[in-house]
Amino acid sequence: MESNFELFKSSIRGEVILPQDNGYEESRKVYNAMIDKRPGMIVKCVDVADVISCVNYGRENNLLIAVRGGGHNGGGLGICDDGMVIDLSGIKFVRVDTKNNTVRVGGGNVWGEVDHATHPFGLAVPAGIISTTGVGGLTLGGGVGHLSRKFGLTIDNVLEADMVLADGTFVTVNESQHSDLFWAIRGGGGNFGIVTSFKFQAHPVKTVIGGPTLWPIEQTEEIMEWYHDFIHDIPEELNGFIATMIIPGPPFPEELHLKQFCGIVWCYVGDPNKFEELFQPVVDKNPIFNHVGEMPYPSVQTLFDGLMPSGMQWYWRADFFNDLRAEARAEHKKFGSCIPTPLSQMHLYPISGAASRPGPTDTPWAYRHAKYAGVFVGVDPDPAKAEELTTWAKSYQEALHPYSSGGAYTNFMMDEGHDRVKDSYGQNYDRLVEIKGKYDPNNLFRVNQNIKPK
């Protein structure tokens, strides 16, 4: 008679990888090399049936379950010790429907694959700033990026999702089917089930005008004060996130290498004939580097891919902010002047225009009123630098936290405890707890920014 495990294994069309197998060490790696966990098995699913088998086996055998899409999560929430990793990377497809400009995407896709498929049709789905990011993780947490001011967060463009629930059932969720669950997954993370496909609204975006402008770090306070007034008043076709950063090397000019800067990365999706006039106030601030030009949208999404490959040490901290007051600007200059490694940086993503229009309870993403989603990241390829970059990111965030509006964008959070998760959902938390209790009462899906059922 076959064992319970052998029966399970024979039900999987994909691959079941165990610790003794040749591919195990490579398969357990995630984007953040600071995360080093050893699951009991990794199951590379290729279809919904595989996912259902995994969920049922994991539940019946009391296994800890982690779900991995692109593996980019800062806190390493796509992997776990001892339990089962349900790896969705084999569930990949992108289907574009030009009749209504919608896109159906597999739960294992990364955003670069979506951009590749939509670009020939002159379409794009708002999503992040790095093309190797997984579709599932970014979407379930919110989705802030270059197109947020014009077309909203990624969750504002989700029309439907297919899911496997904790009891192994398969459902399609949208405004008219399981509408409570549809609400919950648009910002509530991976708490409610495993999404095997998404249906997105795409928008007409073909060519953008984008790229970075840089100022010496000494001008941080001046540039941030100007930026705060500028970014929230201009037409929403222009987006720009502001950063403190080091230029690590090529493709930037040699004279900029390893120096600290206050930078803004721009992306404009409006009428090209109106750009020059709209951008003139930026030029008037005399950036020492201005490399803003016309490019295909997928190119702006891949600008930083080469600098941020998988396998580096990462430490993340985050906060929402309502303003850039003088005290905060001074801290940005202070910490921006002592960035520990060439890839460590701080970003403030504006939440305005279309991203700010939904009400605070329209989706679980409760901080529509905040002006910025801030992230502080220490990054370096060398494990010996882990403590140094962690200390810098923590200290930077803690210095700015008194000026924050509470909570943080959950996609930018590490494992920071239940109170931090609760704070990040604000007035939506109790409703999320209720929906969690309905669809996952035993908290099978808990390797995430966890919402505990009552």
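Points worth noting:
- With R₀ fixed at 51 Å, the C-beta to C-beta distance from Glu398 to Arg59 puts the FRET efficiency at about 0.85.
- FRET efficiency, 1/(1 + (r/R0)^6) with R0 45 Å, evaluated for Ser3 and His369 via beta carbons: 0.25
- Measuring nothing but protein heavy atoms, the accessible surface of the chain at 1.4 Å probe radius is 50 percent carbon and sulfur.
- Shown here for the range 83-191: chymotrypsin sites (Phe, Trp or Tyr not before Pro) in loop regions (DSSP other than H, G, I, E, B) with at most 15 other Cβ atoms within 10 Å, namely Phe93.
- Simple spin-label estimate for His418 and Asp81 gives 2.0 nm between the two label positions (7 Å along the Cα-to-Cβ direction from each Cα).
- Crossing angle, helix 326-336 versus the chain [Cα axis fit, 0-90 degrees, rounded to tens]: 70
- Dividing the summed -39500 (n - 2.57) terms of all DSSP H runs of n ≥ 4 by the residue count of the chain sets its mean residue ellipticity at 222 nm at -7500 deg cm²/dmol.
- Computed on the Cα atoms alone, the convex hull of the range 104-176 gives a volume of 102 cubic angstrom per residue.
- Extension gain, Glu255-Glu294: 0.36 nm per intervening residue step, less the Cα-Cα distance, totals 11.6 nm.
- Across the range 128-231, counting alpha-carbon atoms alone, Rg and Dmax equal 18.0, 57 Å.
- The loop-placed GluC sites (Glu not before Pro) in the range 1-78, going by DSSP, that have at most 15 neighbouring Cβ atoms within 10 Å of their Cβ come out as Glu2.
- In the range 27-127 the Cα-Cα distances spread across 5 Å bins starting at 0 as 2, 13, 20, 19, 16, 12, 9, 6, 2, 0 percent of all pairs.
- Under 5 Å from the amide H of Phe241 lie the amide H atoms of Val265, each residue being 5 or more positions distant or on a separate chain, with H modelled from the backbone and absent for Pro and chain starts.
- Shape summary: the range 1-59 maps onto an equivalent ellipsoid whose semi-axes, from the alpha-carbon gyration tensor, are 22, 13, 10 Å in decreasing order.
- Candidate lysines - alpha carbon under 28 Å from Lys29, same-chain residues fewer than 8 apart omitted: Lys9, Lys37, Lys44, Lys92, Lys385, Lys394, Lys452
- The chain - convex hull of alpha carbons, volume per residue in Å³: 136
- Gyration tensor verdict on the range 289-368 (Cα atoms; rounded if a/c is under 1.5, prolate if a/b is larger than b/c, oblate otherwise): oblate
- Radius of gyration over Kirkwood radius for the range 170-267, both on Cα atoms: the Rg/Rh ratio is 1.16.
- With bins 10 Å wide beginning at 0, the percent of Cα pairs of the range 190-326 falling in each bin runs 9, 34, 35, 17, 4.
- Asp36-Ala386 pseudo-label distance in nm [points 7 Å out on the Cα-to-Cβ vector]: 0.5
- Paired Rg and Dmax values of the range 226-293, which use every Cα atom, in angstrom: 13.0, 36
- Highest to lowest packing among 51-57, 436-442, 271-277, scored as the average C-beta count within 10 Å: 51-57, 436-442, 271-277
- Counting only protein heavy atoms and a 1.4 Å probe, the chain has 39 square angstrom of accessible area per residue.
- Computed FRET value (nearest 0.05) for Phe121 with Asn174, which takes r as the C-beta separation and R₀ as 25 Å: 0.65
- For the range 164-237, the list of GluC sites (Glu not before Pro) that fall in a loop by DSSP and count at most 16 other C-beta atoms within 10 angstrom reads Glu175.
- Cα gyration tensor, the range 352-454 - rounded (a/c under 1.5), prolate or oblate: oblate
The values are calculated or read from the model by the stated rules, or taken from the named source; none is laboratory data. Not measured: the values here are computed from a predicted model. Cβ: placed from backbone, ideal geometry, glycine included. Neighbour counts: every protein chain shown. Heads up: the accessible areas ignore ligands, DNA and RNA and are worked out on the full protein's heavy atoms, side chains in. Shrake-Rupley method; radii C 1.70, N 1.55, O 1.52, S 1.80 Å.
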